[in-house]
Amino acid sequence: MSEQAYSKDVWHGTTILTVRKGGRVVVAGDGQVSLGATVIKANARKVRSLGKGDVIGGFAGATADAFTLFERLEGKLEQYPGQLLRACVELAKDWRTDRFLRRLEAMMIVADAEKSLVLTGTGDVLEPEGGIMGIGSGGNYALAAAKALADMPVSAEEIARKAMAIAAEICVYTNTNVVIESLESRT
C-alpha cells in the first residue's frame, strides 16, 4: 500500500455519551479503535476522571490529541478551580488560536456536578439540551437512544448503558466494551 493510500485511512471507533438525570451525571465511552476497516484495539479507555475527581470526561478523535487536550484542560481546571465553564472557554480560546493546538483532531465531553459541555476544535463550548449529548462515530445513535429512554423510570447510568448498546448494534465503529464514569449532580 502506498503512503498516500495509507494516509487516507482515518482512525474511527468512538462513541461518547453523557446523560444527566436523577441527581447523577454519567459519561460513557466504548472501547473500539479502528483504522479503516480494521479493529486495532477493542478495550481502549476513552473516559476518565479529571482534575481532583470533580470532573469527568470522554474524547472522540486521535488519542494523542485527546490526551494533550485533557492535560491542557486539567491545567485550566487548576487555574480556575470549581469553574468548569470558564476552564473550558479558556481551553477553547487556546485551541483556536495556538498553532500547535489548532492541528489537534479531537472532541471532548466534560461534566461536573452542575454542567455538561462539549468542546470542539472550532472553538465551540456547547451545553447539551436536556443534559444528553453524544459525540464520535456512533454519537448520534447513542444520543437518539438516550433521548428516547430519558423519560423512562431508569437511572442515568442505565440509560447510558442501553444507549451505548444500541449504538454498538448500529455503528460498526462502536463496540460493547463500555466504560462509565459518574458524579453526583446538582441539576
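Testing Gly136 on (1) surrounded by fewer than 20 Cβ atoms within 10 Å (Cβ to Cβ); (2) under 19 Å from Thr176 (Cα atoms), one condition comes back false. Which one is that?
Failed condition: (1).
Quick one: would you say Ala148 is in a helix (DSSP H, G or I), at negative phi, surrounded by 24 or more Cβ atoms within 10 Å (Cβ to Cβ) and hydrophobic (A, V, I, L, M, F, W, C)?
Spelling it out, it is not the case that Ala148 is in a helix (DSSP H, G or I), at negative phi, surrounded by 24 or more Cβ atoms within 10 Å (Cβ to Cβ) and hydrophobic (A, V, I, L, M, F, W, C).
Can you pull out the residues in region 122-150 that are in contact (Cβ under 8 Å) with a residue 12 or more places away in the chain and of a type in the set (S, T, N, Q)?
Thr122, Ser137
Does Ala44 fit the bill of being among the aliphatic types (A, V, I, L, M), at pLDDT 85 or above and farther than 18 Å from Val125 by Cα?
Criteria met by Ala44.
Select from region 152-176 the residues that are touching an Asp or Glu at 6+ places or on another chain (Cβ under 9 Å) and over 11 Å from Tyr141 (Cβ atoms) and write down the one among them that is surrounded by the fewest Cβ atoms within 10 Å (Cβ to Cβ).
Among them, the one singled out is Met152.
Residue under question is Met133, and the condition is that it be assigned to a strand (DSSP E or B) and in contact with a strand residue (DSSP E or B) (Cβ under 8 Å, 6 or more places away or on another chain); does it hold?
yes
Restricting to region 177-186, count the residues that are modelled with pLDDT under 95 and either touching a Ser or Thr at 6+ places or on another chain (Cβ under 9 Å) or crowded, with 20+ Cβ neighbours inside 10 Å (or both).
So the answer is 1.
The values are calculated or read from the model by the stated rules, or taken from the named source; none is laboratory data. Values in this document were obtained by computation on a predicted structure and should not be read as measured data. As a convention, Cβ positions derive from the backbone with ideal geometry for all residues, glycine included, and neighbour counts pool all protein chains shown.
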